[in-house]
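Please read the structure below before turning to the comments.
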Amino acid sequence: MIAPAERIQLERNKLFHDISMENIASSLEDCQVVALRSGEKLLESGQKNMTLYLVLEGELHVYLDSRDLNEHAVLGAGECVGELSLIDGENTSAHVLAAKDSRLLAVPYDLVWSLVDNSNGIARNLLGILARRIRNDNLLRVTTNEYLLEFEVAANVDALTGLHNRSWVDEAFPKMILRCQRGKAPLCMLMADIDHFRNFNDAHGRLAGDGVLKTMAQLMAEKMRPQDLLAYMGDDKFVILLPETPPNIAMKIAERLRETVAAAPLITGACDTPRAANFTPLSRDTRVMVSIGIAVMQADDTLSLISATAAEALLQAKANGRNQVKMAVTGSLLRN
């Protein structure tokens, strides 16, 4: 027997919107009222469900995987739960738990379809409930994907320079190396390092040094071809992967990049940095230089080996006087 208070609560349920309870009250008399304590589980993902639950009072939380994750949906008085699995006949796809002490009316499968068959209004309301649920799920899926995309971008892009970072290199570079190896296409790596950058920071301050890094990142990005992969590795080091590029072209690209950096004035916000007691202010004519090492991919190279070879060539460029490009010699000690 449905109590008068429960009947009032049912009249507010979305399933019975604009429906006279006088016409259906007798059909619901044998339905059971389910009481749930806070934290008690109503439905579990992967199980069969043959009941539509109408929330009379309380609050239910829906979780896609486990209750340790953020809730997928929050259902209060007037809502339904279990309609998707009941209608499509599939196992439930989520966990449903009581977030507060709750009371629900359990409407069995056969009675649900009897009500739908005998009332166009209930059929329309059930369709509306399903449509809103699907729309909300799709919106959540879109916003979740956007959040994940934003998180992925944040995790793979350096905040200072705007370039990809080391984490991205570890994921993207091996794929490109393997692709060129399988296609028997040449590939080279450039490793660039700002000359005397520590001395620059000591003389002008870290803010000025950050300005140099931003300028370097911009200059390099402007000189790269669409297929080239550019990343900032931290400190004052940049790395560029040149797919389908033979050594002579890689040398020309590196020399052009070195000349561009050497000729570019550091017109950045760092020029306006207030002078500290022990810092020399930047002028708009201040220049920096870079040294660049080049590694040429061999048939069985890995990212680690190519990187080490490029680093070896970079050290040679530094040792030879800086502000120059040095190509690693094939068959160096790193490859033996």
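A few notes on this one:
- Residues that are in contact (Cβ under 8 Å) with a residue 60 or more places away in the chain, surrounded by fewer than 24 Cβ atoms within 10 Å (Cβ to Cβ) and either within 26 Å of Leu219 (Cβ to Cβ) or among the polar types (S, T, N, Q) (or both) within the range 298-309 comprise Thr302, Leu303, Ser307, listed in sequence order.
- Scanning the range 135-168 for residues that are of a type outside the set (Gly, Ala, Ser), assigned to a helix (DSSP H, G or I) and at pLDDT 70 or above gives Asn156, Arg166, Trp168.
- So Leu229, is it in the same structural domain as Lys326 (by TED's automatic domain parsing) and at pLDDT below 90: no
- Cβ-Cβ under 7 Å pairs, at least 6 apart or on other chains, the range 10-30 side outside the structural domain of Ser119 (by TED's automatic domain parsing) and exposed (fewer than 14 other Cβ atoms within 10 Å of the Cβ), far side assigned to a helix (DSSP H, G or I) and of a type in the set (A, V, I, L, M): none
- Any hit, the range 243-260, residues being at pLDDT 95 or above, under 36 Å from the mean Cα position of the chain (by Cα), within 23 Å of Gly183 (Cα to Cα) and of a type in the set (Gly, Ala, Ser): yes
- If you go through the range 174-215 and keep only what is acidic (Asp, Glu) and under 32 Å from the mean Cα position of the chain (by Cα), you end up with Asp193, Asp210.
- Scan of the range 119-130 for residues that are part of a helix (DSSP H, G or I) and either surrounded by 13 or more Cβ atoms within 10 Å (Cβ to Cβ) or charged (D, E, K, R) (or both), ordered by number: Gly121, Ile122, Ala123, Arg124, Asn125, Leu126, Gly128, Ile129, Leu130
- Restricting Ser45, Ser26 to residues that are over 26 Å from Thr92 (Cβ atoms) and not aromatic (Phe, Trp, Tyr) narrows the list to Ser26.
The values are calculated or read from the model by the stated rules, or taken from the named source; none is laboratory data. Model, not experiment: these values are computed from the prediction. FYI the Cβ positions are ideal-geometry reconstructions off the backbone, even for glycines, and counts take in every protein chain you see.
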